[in-house]
Amino acid sequence: MYRFVLTRQWVCLTLIALVLIPVMIKLGFWQFHRHEHRVAQNQLIDANLRAKPVPMTGITSPGHTVPRADYWRAVTATGTYDTAHEVVVRMRTSADDKVGFHVVTPLVLGDGRVVLVNRGWVPGGDDPRAYPPVPAAPAGEVTVTGRLKADETSGGSGIKDRKGLPDRQVMLINSAQQAEYLGRPVLGGYLELTAPTPADGSPEPIGDPDHDSIGPHMAYAVQWWLFAAAVPVGWLILVRREKRDRAEAAAKAASADEPEPEPATA
């Protein structure tokens, strides 16, 4: 009755179904793990943003690689801005997706070491190769508060630090590169300024990272698992339909082969 499932067509269809089921289950778990990673990342960001600010010198040092556990950590630093060695970072967007620059000003600490401070976003001028108008950093000794960020690299940012850029323009915020430029020891990572905010709003402060959205990964995981469950159900439906169609075809063939009854004689 079900011998048709042993035909080449049905064997191929069954093998495809058997391959699809574990693949879809695996894809579902992949999306589920991405969901878990996003949730854990959001919790880390929220905890670090809420934590009491600590001195940046206590958790990083020259040449130090900021670990993921310290990303977005609230930190403070006290020193004097070195505006003569200020640089701008190209191809950065504002809150409303306008392309401009981030302003990175070295903050020289009392012991001579340097903290890179990303003071915020400014728009570019008519000439993208010209140094943009940048509001002056506060003079004298200042205490700044911000979020600790890891050094940007070509692999991590998707942007290559090209050579031949205009003077005082860079593509990445990287403490090792700036240490070479400054000729001073620079603490690993950089500080993304949150306070004090400029009175005139420029440079435009960088907003908090998104740590509320969990993304669509859980929904995608459920979809893949539903697809995996639908494969055997669909296979059974096709088998039953094939059986029914074959039975109807056989019944019609048998009916066609039956001889017509001879007419009755008087």
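A simple charge model with +1 on the Cβ of Lys and Arg, -1 on the Cβ of Asp and Glu and nothing else charged puts the dipole of the stretch 22-104 at about 300 debye relative to its Cα centre. From helices alone, the chain scores -12500 deg cm²/dmol at 222 nm; the rule is -39500 (n - 2.57) for each run of n ≥ 4 DSSP H residues, then divide by the residue total. Each residue, S255 and Q41, gets one label point 7 Å from its Cα in the Cβ direction; the gap between the two is 6.4 nm. Comparing D46, D97, D82 in a Gaussian network model of the chain, where Cα atoms under 10 Å apart are tied by springs, the biggest mean-square fluctuation is seen for D97. Summary value for the stretch 1-100: 19 percent relative contact order, contacts being C-alpha pairs under 8 angstrom separated by 6+ residues. Model label points for R50 and T83, set 7 angstrom from Cα along the Cα-to-Cβ axis, are 3.9 nm apart. Note on the chain: dipole from Cβ charges, positive end direction compared against P53, L6, H217; the farthest Cα belongs to L6. For the stretch 164-226, the equivalent ellipsoid built from the Cα gyration tensor has semi-axes of 37, 20, 13 Å, listed from largest to smallest. GNM remark for the chain: springs join alpha carbons under 10 Å apart, and the peak mean-square fluctuation among Q178, Q169, Q223 falls on Q223.
Only Lys, Arg, Asp and Glu carry charge here, each on its Cβ (+1 for the first two, -1 for the last two); on that basis the chain has a dipole of about 720 debye about its Cα centre.
Positive end of the dipole of the stretch 3-128 (Cβ unit charges, origin at the Cα centre): among V104, H85, A74, the Cα lying farthest that way belongs to A74. Note on the chain: dipole from Cβ charges, positive end direction compared against L172, L148, S255; the farthest Cα belongs to S255.
Here the chain carries DSSP beta bridges of which approximately 80% are antiparallel, counting only pairs with both residues inside. Relative contact order for the stretch 45-168: 27 percent, from Cα pairs under 8 Å spaced at least 6 residues apart, divided by residue count.
Based on C-alpha pairs under 8 angstrom that are at least 6 apart in sequence, the chain has a relative contact order of 25 percent. Among V222, V66, V108, the residue with the largest mean-square fluctuation in a Gaussian network model of the chain, with springs joining Cα atoms closer than 10 Å, is V222. Spin-label model, I16 to L165: label points 7 Å out along the Cα-to-beta-carbon direction sit 5.1 nm apart. When M218, M56, M24 are compared by accessible surface with a 1.4 Å probe, the order from highest to lowest is M218, M24, M56. Taking Cβ atoms as reference points and 12 Å as the exclusive limit, the residues near V103 contribute a net charge of +1, counting Lys and Arg as +1 and Asp and Glu as -1.
The values are calculated or read from the model by the stated rules, or taken from the named source; none is laboratory data. No experiment lies behind these values; they were computed from the predicted model shown. Backbone-built Cβ (ideal geometry, glycine too); neighbour counts: all protein chains shown. Note: areas computed on protein heavy atoms with side chains; ligands, DNA, RNA excluded. Shrake-Rupley method; radii C 1.70, N 1.55, O 1.52, S 1.80 Å.
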